[in-house]
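Asker: Submitted below is the structure of interest, expressed as structure tokens.
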């Protein structure tokens, strides 16, 4: 098992993940453009590198958590020199960023040319799960590479899935998140419809939880204020998984559907509704939690039934 | 607890429910227009009545399971003489039909004029659940009336919920089924998108089951052929909950939303998609199971990713 | 040709229509609950009646312009005494209100029992067209009755269409307005998409006007601020045809579609979008013109292309 | 004005366009991979070249009409040698293909490096318009370049618009076609709704043509069989503008919307409906005319109203 890890990208997610590797006994050298983020990682036991190239020097495994595919492709491949040229042959690259499957495949192919195995391993679960090491990883790559990644990913999460070959992790992620968006909006609509007809949202939630309407949004993340104690809906949609991030994932899903000529009318409508929500008043420019879509449906006064 | 029950309506659902009351020790007198259905009920231990009026004569509790609100209102109220006029004061009427909340409220109000308590108690679960006494009942009526109904309904189902006052059972039912339709279609879209990008639908299902995409359709009723052994998708969508019944429930949901000026874009799109599906080739005129919506999205050949 | 007309309902529309009958030489006796509205009609040459019954007494033709079907049915049929009982046999009733086709058919049937011909004649065109006598009337009733109505309606409008038998005028009206809503939203989306990619909305409008995208919204009622001089979009969406009225018509369209099991996915989405728009910030509680739907799509800053 | 034109791509569209240049007095040298297409062009007065490079040799103006952006970019830029390297400095390139705006911009930029002006000029109008020289051209490029192109394009069409700078022609085209798809589907829904309520589709069409529902689909291209004599709907949707081509344009529109973070719920739904229609039975694998979307809404038997 590799013990020397280079870790690039210490944002909200990466900043929570890297320390969990330290706790599990790995030697972790990190890099981020933010000095502050670097400092926090050092306090958690990582060692700081002065550049991405320095962070990966001599690492048996390189992990990255970056904002989008353009940055991933630029950093690893198109920059001069490319980060891949600083990584030793035989090393394992695990890119945890959520990007298009095509970007992941390009990275894997470029890595392979240099004798490096690269897998895509986007995550499910938010900032809290990153800190608590309870993320789920959806991996795309060869069975061997994914198995090699498993003990490392297990230090940062509770589930490690292999979805298929290179890029499949990204596909699984966007399928999952598109479905999540669909049932979150469906849940918000159903709760509002019930409330508009005089039902108590908590009672209706209880009934649907034990019936065929049951879904993750209803069970773990009820969007109606006051129904569940510890979810964003009960703290004015602060924290959680931002509308803007859901928008990004829905955009990747639609892009993938366009490419494969798959038709996803509910997914496309979800993308439009999240987009309109992010532009309207109730989402704080898309910075509130994605369950705030409930606000799109709420009314000043209820109708008759 | 009432022991003499009059039971009206022995279709696919009612025909399975009445025998479970006999098994639980109730004395059940049944009526249906079909002699064959009556005969089956008699074989299961019910006694047959020659008319609806005769079935409810002297009953402490009357249960009905009828196809739609027009029939419910006609039978109980508008026929001459009205069935309500044959039911004794103090009796409990439990209407298990899925109808508009307004119909349920009218029935309750008319019953009350005659000293009769009537509740709405539409069910969740299909023909198999009716036979196995594992239905869920969503009740609308006073707490007293719903509590009085509980031991009787418990003989036919595993869950008895009180959603609120008269009509609330109907509202809960349509909210639940609208949400079910939304996540079923969302699940079908997500699975097809994954398959079109080369993923194995069983692997993708496993991943989403353990992630935030999880929902009842995925867990209990996977719409992709071959993923789950004992569901309609694996027997060419035979049996189960017919597209036409889902269409009816979605129609009731939209009607309710129009009345309360609630906006349910995903629910409305689900209603259109189920409607178009019922008209297109792949649903056998709407008689296949509702998970056959998967066929709307399937393609002759998969695209690139 | 009838010369004595009873006119009920002097709101924004009816208040503009009745004076045009006077100008054309008819003798018009009016009634409205508002004394102020009555007074304005008297100033325009109508004579005021103290009740609806008094207004129709001895009239050869009765015209009504009322807010909804519940009021129409209540006034003409269900009130005691019913207004129909005050109208002489052989008279012609022209109901210009926009109501469900079923309401129009009930009115026609009840009228016929009393030897009265009643047609539905909902209008297209707003407050300005009512005042200018340029409304379009969509009539439902026998050919004879519609022909009898033609010279009277021609005094108030520039187009009189017979759509078919009783109720057909209502159906034509909602089909037209549903289509109007669809192409208004489509136009708003297309203009915004162009603007977001750097196009001048006036140039893009010009191109589409001469191409296959051409439609009434683009030609007569451009929703993008500043493109056309004399439309609501260029006066902050004041005046015109209110979002709330479009919502009402879309509700009638969906109700009709539910009844006939017709599927109208674009119409249903238009209804949801107008509903959400009426609840969101940019429509002044639905009191702005319906072209204000453009605001739903506008962005603080434009993206790249 | 240039007189020597090189013309690449003689498919259904290009094959109709090139002869019109000859008629207008231009000297036209053509190339296509199909010997048959070349032969037809020669019969119409063009001279055949043995390669694309040969066709453009010495041309003052190069016109191309190709199936998609990948082919355009490959031919002009990425092939070795690139076609641009065979075109003389100072020449004008007019690409009439419908491609992403980004492809057009790349072509323009690469051309400029070689002293060549390239504009995008996608067309509106189908095969018949190409043959009849009544196409509309939507141009993107500098005012000078677009003015230089005008007399040439005028030989092949009746309208030449400048939408803006490079790529703007493509944007105008997809905005227009997205709007066209939206009002075509809206028209089909409205006509079916009317028919399902007993209206004659020709009568309803007449009414809406003179009312606010009016649009190009209704006026020039009625999708209901039998209403208009000379449109695809009246010859079982043969000929016209194929479903598959509309799908391609809607795909480009959605891709553009994703890029600019514009939200087009009606456009996205239109894309899904055309996609599902192309997969279902009624479109002959997408080869029927796009007004065949009417079939998606038609029913075996009409409902009540």
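All of the numbers you see were taken from the coordinates with simple rules; none came from a lab. What you see is a predicted model; the values in this text were computed from it and never measured. Because the Cβ atoms are built from the backbone with ideal geometry, glycine has one as well, and the counts that use them run over all protein chains shown.
Asker: Compute the FRET efficiency between residue C:147 and residue B:284 as 1/(1 + (r/R0)^6), taking r as their Cβ-Cβ distance and R0 = 56 Å, and round to the nearest 0.05. Could you put the intermediate results ahead of the total?
Answerer: Numbers: r = 48 Å, r/R0 = 0.86.
Working from the Cβ atoms, E equals 0.70.
Asker: Please find the FRET efficiency linking residue A:299 to residue A:158, where r is the Cβ-Cβ separation and R0 is fixed at 41 Å, and quote it to the nearest 0.05. Mind showing how you got there, number by number?
Answerer: Values: r = 40 Å, r/R0 = 0.96.
Computed FRET efficiency for residue A:299 and residue A:158 comes out at 0.55.
Asker: Relative to the longest principal axis of the C-alpha atoms of chain D, give the angle of the C-alpha long axis of helix D:168-196, reported between 0 and 90° and rounded to the nearest 10°.
Answerer: Approximately 20 degrees, to the nearest ten.
Asker: Go ahead and set up a Gaussian network model of chain C, Cα springs under 10 Å, then flag whichever of C:169, C:126, C:140 fluctuates most.
Answerer: C:126
Asker: While we're on this one: Fewest Cβ neighbours within 10 Å first, please rank C:196, C:165 accordingly.
Answerer: C:165, C:196
Asker: Still on this model: With angles folded into 0 to 90 degrees, how steeply does helix B:101-113 sit against the dominant principal axis of chain B? Use alpha carbons for both and round to 10.
Answerer: 10 degrees
Asker: Indicate the gyration tensor shape class of region D:28-69 (rounded, prolate or oblate), computed on the Cα atoms with a ≥ b ≥ c the square roots of the eigenvalues: a/c under 1.5 is rounded; otherwise a/b larger than b/c is prolate and the rest oblate.
Answerer: Judged from the Cα gyration tensor, region D:28-69 comes out oblate (a/c at least 1.5, b/c at or above a/b).
Asker: On a C-alpha basis, how far is the centre of region B:93-155 from the centre of region A:225-275 in Å? Whole number, if you could?
Answerer: 37 Å
Asker: Based solely on its DSSP helices, what 222 nm [θ] is calculated for chain A when runs of n ≥ 4 H residues each add -39,500 (n - 2.57) and the sum is averaged over all residues, nearest 500 deg cm²/dmol? Intermediate values should be presented prior to the final figure.
Answerer: Numbers: 13 runs with 140 residues, N = 305.
Value at 222 nm, helices only: -14000 deg cm²/dmol.
Asker: What is the spin-label model distance, in nm, from residue A:70 to residue C:80 if the labels are put 7 Å beyond Cα along the C-beta direction?
Answerer: Going by the 7 Å Cα→Cβ label model, 7.4 nm.
Asker: What is the packing order of peptides A:154-161, A:132-139, A:280-287, taking the mean over residues of other C-beta atoms within 10 Å and listing the highest first?
Answerer: So the order, starting with the most tightly packed, is A:132-139, A:154-161, A:280-287.
Asker: Order of B:199-205, C:20-26, D:57-63 by packing, highest average Cβ count within 10 Å first? Please list the in-between numbers first.
Answerer: Working: B:199-205: 20.1, C:20-26: 17.4, D:57-63: 21.9.
Packing proxy ranking, top to bottom: D:57-63, B:199-205, C:20-26.
Asker: Would you mind getting me the FRET efficiency between residue B:112 and residue B:3? Use the beta-carbon distance for r and R0 = 22 Å, nearest 0.05.
Answerer: Calculated transfer efficiency: 0.40.
Asker: If we count other beta carbons within 10 Å of each Cβ, what is the order of B:183, C:277, fewest first?
Answerer: Neighbour counts put them in this order, fewest first: C:277, B:183.
Asker: Once you've got the GNM for chain D with C-alpha springs shorter than 10 Å, pick whichever of D:207, D:174, D:116 has the biggest mean-square fluctuation.
Answerer: Maximum fluctuation in the GNM of chain D, among the listed residues, is at D:207.
Asker: For chain A, what's the radius of gyration and Dmax over Cα atoms, in angstrom?
Answerer: Considering chain A through its Cα atoms, Rg and Dmax are 20.7, 69 Å.
Asker: Take every residue in peptide A:155-164, count the Cβ atoms of other chains within 10 Å of its Cβ, and give the average of those counts. Write down the numbers at each step before the final one.
Answerer: Numbers: counts 0, 0, 0, 1, 3, 0, 7, 2, 9, 7.
Mean inter-chain Cβ contacts per residue within 10 Å come to 3.
Asker: How are the Cα pair distances of region B:4-166 distributed, in percent, across 10 Å bins from 0?
Answerer: Computed distribution, short to long bins: 12, 46, 38, 5.
Asker: Which residue fluctuates the most in chain A, going by a Gaussian network model with Cα springs under 10 Å, if the choices are A:81, A:223, A:151?
Answerer: A:81
Asker: Given a cut-off of 18 Å, what percent of all Cα-Cα pairs of region D:48-131 lie beyond it?
Answerer: 38 percent
Asker: Now for a separate question. If you put a point 7 Å past Cα along the Cβ direction, how far is that point for residue C:43 from the same point in each other copy, in nm, smallest first?
Answerer: Shortest to longest, the spacings are 7.5, 7.7, 8.2 nm.
Asker: Further question on the same structure: Among the DSSP beta bridges whose two residues both lie in the protein assembly as shown, what percent are antiparallel, rounded to the nearest 5?
Answerer: Roughly 15 percent of the beta bridges in the protein assembly as shown run antiparallel, per DSSP.
Asker: Ok, one more. Would you mind giving the mean number of other chain beta-carbons within 10 Å of the Cβ of each residue in B:247-254, as a whole number?
Answerer: Other-chain Cβ atoms within 10 Å of each residue's Cβ, averaged: 2.
Asker: Which of the peptides C:237-247, B:266-276, D:98-108 is most tightly packed, and how do the rest follow, judged by the mean count of other Cβ atoms within 10 Å per residue? Write out the running numbers ahead of the final one.
Answerer: Details: C:237-247: 20.3, B:266-276: 26.6, D:98-108: 23.7.
Averaged packing, sorted descending, gives the order B:266-276, D:98-108, C:237-247.
Asker: Please give the helix D:243-260 orientation as an angle from the longest Cα principal axis of chain D, in degrees from 0 to 90, rounded to the nearest 10.
Answerer: The helix D:243-260 is inclined about 80 degrees to chain D.
Asker: Continuing with the same structure: For residue A:128, place a label point 7 Å from Cα along the Cα-to-Cβ direction in every copy; what are the distances to the other copies, in nm, shortest first?
Answerer: Label-point distances to the other copies, shortest first: 3.5, 5.5, 6.2 nm.
Asker: Now, a different point. With Kirkwood's inverse mean 1/r over C-alpha pairs for Rh, give me the Rg to Rh ratio of the protein assembly as shown, two decimals please. Walk me through the intermediate numbers first.
Answerer: Working: Rg = 33.3 Å, Rh = 33.0 Å.
Ratio value, two decimals: 1.01.
Asker: Now a separate question. Give me the mean projected area, in nm² to one decimal, of the convex hull enclosing the Cα positions of region B:148-222.
Answerer: 6.3 nm²
Asker: Would you tell me the mean number of C-beta atoms belonging to other protein chains that fall within 10 Å of each C-beta in D:215-223, as a whole number?
Answerer: The per-residue average across the peptide is 4.
Asker: Can you bin region A:176-305 into rounded, prolate or oblate? Criterion: square roots of the alpha carbon gyration tensor eigenvalues sorted a ≥ b ≥ c, rounded for a/c under 1.5, prolate for a/b above b/c, oblate for the rest.
Answerer: Since a/c reaches 1.5 and a/b is larger than b/c, the shape of region A:176-305 is classed as prolate.
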